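The structure under discussion appears below in the form of structure tokens.
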Amino acid sequence: MLRWQNGAEVYHHKLLEWRPEKNPRVSTVNPLDPATAQNTATGQNTATGQNTTTTPAPSNPLDNVRIVLVNTSHPGNIGATARAMKNMGLRHLYLVAPQRYPSDEATWRAANAADVLDGAIVVDSFEAAVAGCSLVIGTSARERTIPWPLLDPRRACAQAYREAARQPIALVFGREDRGLTNEELQKCQLHIHIPTNPEYSSLNIAMAVQVLAYELRMTHVESELTADAMDGWDFAYANNDDIERFFTHLDAALTEMGFLKPDAPKQTSARLRRLFQRTRLDAMEINILRGIFSSAQYWVRRAKGGQGDGDQ
């Protein structure tokens, strides 16, 4: 199902005059009628000045993020964008005058993100897509004559996430062949540049969306992540006493097998020590390896005609 901004446009492969739909999910407020138009940022009727709605801050800032595609020519890019969004927990997709939409190709490219497409809002202008947003960030691959605040994806999305905790924000992506116009970029508070390989810098729109959506997601889950790769490990690291007994046993087993020579330089032992210290063995791994050493010693002693008894 297709949603329309304030029920304003009916799209039949081109934008037509306003006509309210009968679908109960679609508002019948005509944004072209000043008597009923509402300011989406404040909930204020622009004709009467009366506050009619209050929008509390969402518990999840990602619910305050809009992904806006401007004048997209290929419906497959719309579907792929929906999939990229759902991967990273985003769900608000705005389409500014798409050239071919709705489309079966968009649906199958979306895979299991059809719900994001179902909720897509189609509008006929840049201004309508970002209405009510406190921060609008435009993607740009070109240097501008007049410098504009420009950030990389990580820093821009961190700022966008902080803002989204309070008010709606929009990330805007331009046309496949030429991006956003200068006029559109001048309506953005910030610009984002994705630092691609200068020898081949062209990014598909859905790829660009995925990069920024990922950065937003990483900011969102940052408190849940840990820098410790062993966090949640099933056994504790071996303590230093157990590690030293392990190395003593290792040297004894390798000497008994004839691999280490008592009168040779100790570089091999040092390199083996470095190897195992680098891996940070846990208590269970120490026990397994020492069991292997003991088994090897048993069979070496049996082969030499001994009892095969004893352990180090």
What ranking do Val172, Val123 get, fewest neighbouring Cβ atoms within 10 angstrom at the top?
Val123, Val172
Quick one: what Rg and Dmax do you get for segment 126-239 from the alpha carbons, in Å?
17.8, 64
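Got a sec? How would Tyr101, Tyr200 order by Cβ neighbour count within 10 Å, fewest to most?
Working: Tyr101 21, Tyr200 7.
Fewest to most other Cβ atoms nearby, the residues stand as Tyr200, Tyr101.
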Projected label distance in nm at Gln267 and Arg155, using a 7 Å step from Cα toward the beta-carbon
4.8
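Return the loop-located trypsin sites (Lys or Arg not before Pro) in segment 147-184 (DSSP other than H, G, I, E, B) with at most 13 other Cβ atoms within 10 Å of their own Cβ; answer none if there are none.
On the way: sites: Arg154, Arg155, Arg162, Arg166, Arg175, Arg178; in loops: Arg166, Arg178.
Taking segment 147-184 and a limit of 13 other Cβ atoms within 10 Å, the loop trypsin sites (Lys or Arg not before Pro) found are Arg166, Arg178.
Pull out a ≥ b ≥ c, the square roots of the eigenvalues of the alpha-carbon gyration tensor of segment 240-303, then state rounded if a/c is under 1.5, prolate if not and a/b is larger than b/c, and oblate in the remaining case.
Values: a/c = 2.46, a/b = 1.17, b/c = 2.11.
Because a/c hits 1.5 or more and a/b fails to exceed b/c, segment 240-303 counts as oblate.
Count the net charge of all other residues whose Cβ sits under 13 Å from the Cβ of Asp234, scoring Lys and Arg as +1 and Asp and Glu as -1. It would help to have the intermediate numbers written out before the result.
Details: positive: none; negative: Asp231, Asp282, Glu285.
Residues close to Asp234 contribute a combined charge of -3.
The numbers here are math on the coordinates, done by the rules we state, and not lab data. Owing to the predicted nature of the structure, the values given are computational and were not obtained by experimental measurement. Please note: Cβ atoms are built from the backbone with ideal geometry, for glycine as well, and neighbour counts cover all protein chains shown.
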